[in-house]
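The values are calculated or read from the model by the stated rules, or taken from the named source; none is laboratory data. These numbers were taken from a predicted model, which means no experiment stands behind them. FYI the Cβ positions are ideal-geometry reconstructions off the backbone, even for glycines, and counts take in every protein chain you see. Heavy atoms of the whole protein, side chains included, go into the accessibility calculation; ligands, DNA and RNA do not. Shrake-Rupley method; radii C 1.70, N 1.55, O 1.52, S 1.80 Å.
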Amino acid sequence: MADLRTPWFYLTTPIYYVNDIPHIGHAYTTVAADVLARTRRQEGEPVFFLTGTDEHGQKVWQSAERHGLSPQLYVDRILPRFRDLWSRLAISNDDFVRTTQPRHVKGVSEVLARLREKGDLYEGSYEGWYCLPDERFWTDKDVENGLCPDCHRPVERISETNIFFRMSRYQDWLVSWYESHPEAIRPESRYNEIMGFLKKPLSDLCISRPKSRVPWGIPIPFAPDYVTYVWFDALLNYITVPWSLGATPEEGLSRLWPAVHLIGKDILTTHAVYWPILLAALELPPPRLIFAHGWWTVDGEKMSKSRGNVVDPVALVDRFGTDPVRFFLLREGQFGQDVDFSQEALINRINRDLANDLGNLLSRVTAMACRYFPETGVARPASGCSAELLEAAVSLLPPVRKRTESFEFHRALGSLWEFVAFLNRFVDVRAPWVLARDPERREELSAVLYDLLEGLRLVALYLAPFLPETAGKILESLEVPAGLSLLSYAAHGRPGTEALYRVRPAGPLFQKRDAQGNPLAEEGEKPRKAPRTETAEPSAGKASPETAQSPPAPTSPSSVAEAPEGPAAPPIDYADFQKVLLRTGVVREAVPVPKSKKLLKLSVDIGEAAPRTVVAGIAGSYAPEELVGKTVVVVANLAPATLMGVTSQGMLLAASTENGVSLLTVDRPAGPGAGIR
Ligand code: ME8
């Protein structure tokens, strides 16, 4: 048997049953396949990514009956739900197969004819147990208490004549093929499972259903009273589509075959046993690889309609957006293992990984580039990127690709986020706002910003297969000329590629959420301030619009608490002191208040479900970028007050010094929300 190794990367998902609307498990497999396809395309490989729908069989027929529709009309009505989901999830499939398409029906008839000619089909009678939901036959040994050993639902006794495929003929061949190709099924535990399964003798496969019982399937030309068994029909989609694409079927298939199949663990046996045997009977090589991923559960339970806990991916995307859902699906758990869904986990990923780590990085860096180099832009230094950036890029970015290719999506994203964390630390350590105060250090400032902008460009490149929309937004605000569709690791993967950055200040990439998943009002409320062209700091004491509007300092509910001047204040009881609720807070975001020289609007995490908005009069002493990540001390039970149109929900403590204000912070690390006594 020829081992065809094509230059094409042919990748498939299962074709999903259209007996019901899609759920999050369908989205999971398809998003993972999409990330693989996009990664390979960025590698310059030709990719053929196929998904589709499984439209025949008893389950679909019965759903149609329940809805009082013909099966074709019923599947035509459900189909848009799948197509619509894939477009909402930015799935980049190259073809979409429906098993009711003439090209597929024709291909299945061709296979039936070939197998019959080879003598691999025979008519036999069958008596045994049948599981309707699984559409599978079971023997007396398998069935316990009248229940299906797989789904534990009641089985029916059935006796009928059918057409069988001589699977058992190929068992020895399959075992020895797997013995010499242990990498053909991943993860390894699934390979072991199949090798265990193959220790028992295989029964032949019943590939027909009498029309009297299941009228909805592909007709069998030489047996007019039967249709094909839905699984026999469904598996063949992986070759009927390539057959339909070439000048001849052989030419079409030889271009693409063998495929990589991505599936859930529920359909491993059909793919790893029935399918390679069917292929062998057709004298075609087995799939290149089968990867069976784990199961999404909800609060540890299987998702099912009867439990009413099915997560609807369309509602999820509508509410949280395409990229946050794609990110969550692949970041949350290991691909081969089961993963548990909870809205809380999704919100955490959005708020922490996406909004804080990545979103804030982009807005800080682009804001500084615009502010400090509005005219010239940020040019590549003669010596290129710093050794530090190079080292981080070289050690953290190639693993993103490697891990994606080995289906370790959560680790791939983990590596990429280590690089994001490196860039965030780089901002804090190199403190561009300090360099900006010294005209002699312009070159150093420019080099630091160049490193950061290059870092962000590389983040976009490696992020693109996972979060295409976000990667596009990052590249857009960096004004990188290469469009998203042209991205390639070879052409764009080296740090120091761009000669000059003239960036746009980026708006927030992600909307933060409260514990219920509602958007936090402060996010996206206003566009980020346009780049400031003047570099002079506001002069102290000069009247500015907000001084006139602010309440007097000592009672100010917002801004920074200032020490009362003059004679010592009278003593108070401890009970009085206790009335003041002080908490540590971590600054998550800081932006200037429009039209104000003195005020900054901060988003401060004090350990509550959502961060507080605090308006502080510290713009004269602190650049917004410098504040992000700082631990401050917040008066948490001050009545809210509105300053320059922004409501402040607390006050920061600060010392007044000769050079302006100095924020109180803690001497040793303390997370947000620590009490202060
Ligand atoms: O089995 N967690 O279609 P299907 C993770 N038509 N993935 C899940 C999941 C969950 N809870 N639930 C479903 C069929 N999936 C056949 C396939 S292929 C030739 C024919 C995903 O609509 C996972 O990929 O029941 C699983 O294998 C597939 O949906 C089953 O989809």
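Using mean Cβ contacts within 10 Å as the protection proxy, how do 638-645, 617-624, 385-392, 145-152 order, highest first?
Going by the mean number of other Cβ atoms within 10 Å, highest first, we get 617-624, 385-392, 638-645, 145-152.
Residue separation times 0.36 nm, minus the C-alpha to C-alpha distance between Glu479 and Asn518: what's the value?
10.9 nm
Could you work out the percent of alpha carbon pairs in region 348-501 separated by over 27 Å, rounded to a whole number?
Every Cα pair in region 348-501 considered, those over 27 Å come to 18 percent.
Based on C-alpha coordinates, I'd like the Rg and Dmax of region 249-402, in Å.
Answer for region 249-402, Rg first and Dmax second: 23.1, 69 Å.
Can you give the helix-only mean residue ellipticity at 222 nm for the chain, where every DSSP H stretch with n ≥ 4 adds -39500 (n - 2.57) and the sum goes over all residues, rounded to the nearest 500 deg cm²/dmol?
Helix-only estimate at 222 nm: -10500 deg cm²/dmol.
What per residue convex hull volume, in Å³, do the alpha-carbon atoms of the chain yield?
194 Å³
How large is the charge dipole for the chain, taken about the Cα centre, if only the Cβ atoms of Lys, Arg (+1) and Asp, Glu (-1) carry charge, to the nearest 20 debye?
Magnitude of the dipole: close to 880 debye.
Report, in listed order, any pair from Lys106/Lys211; Lys118/Lys265; Lys305/Lys402; Lys59/Lys199; Lys141/Lys302; Lys106/Lys305 with a Cα-Cα distance greater than 29 Å.
Lys118/Lys265; Lys305/Lys402; Lys59/Lys199; Lys106/Lys305
So for region 9-293, taking the charge dipole from beta-carbon charges (+1 Lys/Arg, -1 Asp/Glu), which of Val60, Ile207, Ser92 sits furthest toward the positive end?
Positive-end residue among those listed: Ser92.
Could you name the aspartates and glutamates whose alpha carbon sits less than 16 Å from that of Lys601, not counting residues in the same chain fewer than 8 places away?
Result set, ordered by chain and number: Glu522, Glu523, Glu525, Glu546, Glu589, Glu625, Glu626.
Send over a whole-number figure in Å² for the accessible area per residue of the chain, probe 1.4 Å.
Heavy-atom SASA per residue in the chain reads 44 Å².
Would you mind calculating the relative contact order of the chain from Cα pairs under 8 angstrom and at least 6 residues apart, reporting the percent as a whole number?
Normalised by residue count, the contact order of the chain is 11 percent.
Mind listing the phi-derived Karplus ³J(HN,Hα) values for region 136-145, rounded to whole Hz, using 6.51, -1.76 and 1.60 with θ = phi - 60°, and x for any glycine or proline?
So the J values, rounded to whole Hz, are 10, 8, 9, 9, 4, 4, 6, 8, 10, 6.
With the full set of protein chains in place, find how many percent of the accessible area of the chain is carbon and sulfur; take the probe as 1.4 Å.
That fraction is 51 percent.
Amide H of Ala674 versus every other amide H placed in the peptide plane: which residues, excluding those fewer than 5 positions away on the same chain, fall under 5 Å?
HN-HN under 5 Å from Ala674: Thr584.
Sort largest first and round to whole Å: the equivalent ellipsoid semi-axes of region 206-276, each the square root of five times a Cα gyration tensor eigenvalue.
Semi-axes, largest first: 25, 18, 8 Å.
Taking region 107-250, how much of its Cα-Cα pair set, in percent, is spaced more than 23 angstrom apart?
Here the long-distance tail beyond 23 Å is 48 percent of all Cα pairs in region 107-250.
Find the all-direction average of the projected area of the Cα convex hull for region 9-293, expressing the result in square nanometres with one decimal place.
Convex hull of Cα atoms, orientation-averaged projection: 15.0 nm².
Roughly speaking, what % of Cα-Cα pairs in region 52-151 are separated by over 21 Å, rounded to a whole number?
59 percent
Amide H neighbours of Cys151 under 5 Å, counting only residues 5+ apart in sequence or on other chains, H built in-plane at 1.01 Å?
none
Leaving ligands, DNA and RNA out of it, rank Thr12, Thr161 by accessible area with a 1.4 Å probe, largest first.
Correct descending sequence by accessible area is Thr161, Thr12.
Would you please give the residues with an amide H less than 5 Å from that of Thr161, counting only those at least 5 places away or on a separate chain, with H modeled from the backbone geometry?
Close amide H contacts, sequence-distant or interchain: Tyr126.
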